[in-house]
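A short write-up of the structure that comes next.
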Amino acid sequence: MVSYFSFFLYLATLAYVIAFVIINQFDPNAVIILILVIGASTVVMNSVFYYSLQCAHILLAALVTYISHDFESSQTVALLNLVMAMVVSGIVVAIRSKLIASVRESHNNLEKLNVMSIVANKDGQIVYVSPSVQKLLGYHPGDLVKDGWWQSDNLREGWISRDYIINYPNILPRDLVSLETTVRDKEGKTVWLNWANSVLPNGSYIGVALDITKYKTRQA
């Protein structure tokens with residue numbers, strides 16, 4: 001709800017500023033305000049399409065105003081600055097959209113590999129569990145944060161112990177950097193996990209686990 005409200009608030013602000021700039025016939029000071037609003041769109045918008053649609057409306061309004069009135073040199077320069085600002089902001093939106101798409105693709109690849117991740121802060125509280133845990137172990141991520149992981153008989157022995165995280169901050173011996181454990185999923189089935197663990201700069205412990213159950217089953 002907050003994101004939708006922010007988006008519509010931005011659109012209302014944009015419409016107001018465009019009208020303000022047109023009324024003032026692209027006065028340089030008014031155009032600066034519009035440029036700032038366009039810069040804000042790089043935060044609000046993640047879509048190149050919607051950003052291009054926004055710029056098309058602005059350029060159309062600018063073209064109509066330019067044809068209808070005799071612009072002074074300062075107004076023409078302000079218009080050119082506006083176009084340049086839209087191009088630069090468009091590049092930012094395009095790069096940001098590409099990065100977001102790349103993160104989503106990486107997440108999808110992790111899902112296919114049956115990989116999950118978990119993060120515990122220096123107080124031993126679980127602050128993040130990846131959504132892939134639901135496919136891998138049958139648990140909803142929200143049920144495992146805070147004390148959820150530690151309170152589960154099926155899971156609490158399946159990673160670095162909570163006592164270790166609390167009592168040995170920022171210390172990760174070689175035998176904990178990579179380890180194999182077993183847990184039980186929500187249905188009680190045994191799942192083998194191969195962990196790669198590390199300590200973040202803020203003292204949190206992060207573990208990335210790969211499901212190796214099928215390999216263990218073959219060996220047996």
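Is region 194-202 home to any residue that is within 22 Å of Gly138 (Cβ to Cβ), surrounded by 15 or more Cβ atoms within 10 Å (Cβ to Cβ) and in the same structural domain as Asp153 (by TED's automatic domain parsing)? For region 194-202, residues within 22 Å of Gly138 (Cβ to Cβ), surrounded by 15 or more Cβ atoms within 10 Å (Cβ to Cβ) and in the same structural domain as Asp153 (by TED's automatic domain parsing): present. Restricting the search to region 161-198, which residues are in contact with a Phe, Trp or Tyr (Cβ under 6 Å, 6 or more places away or on another chain) and not in a helix (DSSP H, G or I)? Residues satisfying the conditions are Leu179, Thr182, Lys186. The residues of region 69-114 that are polar (S, T, N, Q) and at pLDDT 85 or above, listed by number, are Ser73, Ser74, Gln75, Thr76, Asn81, Ser89. Filtered by the rule that a residue be β-branched (Val, Ile, Thr) and surrounded by 12 or more Cβ atoms within 10 Å (Cβ to Cβ), region 157-179 gives Ile160, Ile165, Ile166, Val177. Applying the set (1) free of Cβ contacts under 8 Å to residues at least 60 places away in the same chain; (2) surrounded by 17 or more Cβ atoms within 10 Å (Cβ to Cβ); (3) under 18 Å from Asn194 (Cα atoms) to Val115 leaves exactly one unmet item: (1).
The values are calculated or read from the model by the stated rules, or taken from the named source; none is laboratory data. Predicted model only: the values in this text are computed from it and were never measured. Virtual Cβ from ideal backbone geometry, glycine too; neighbours counted across all protein chains shown.
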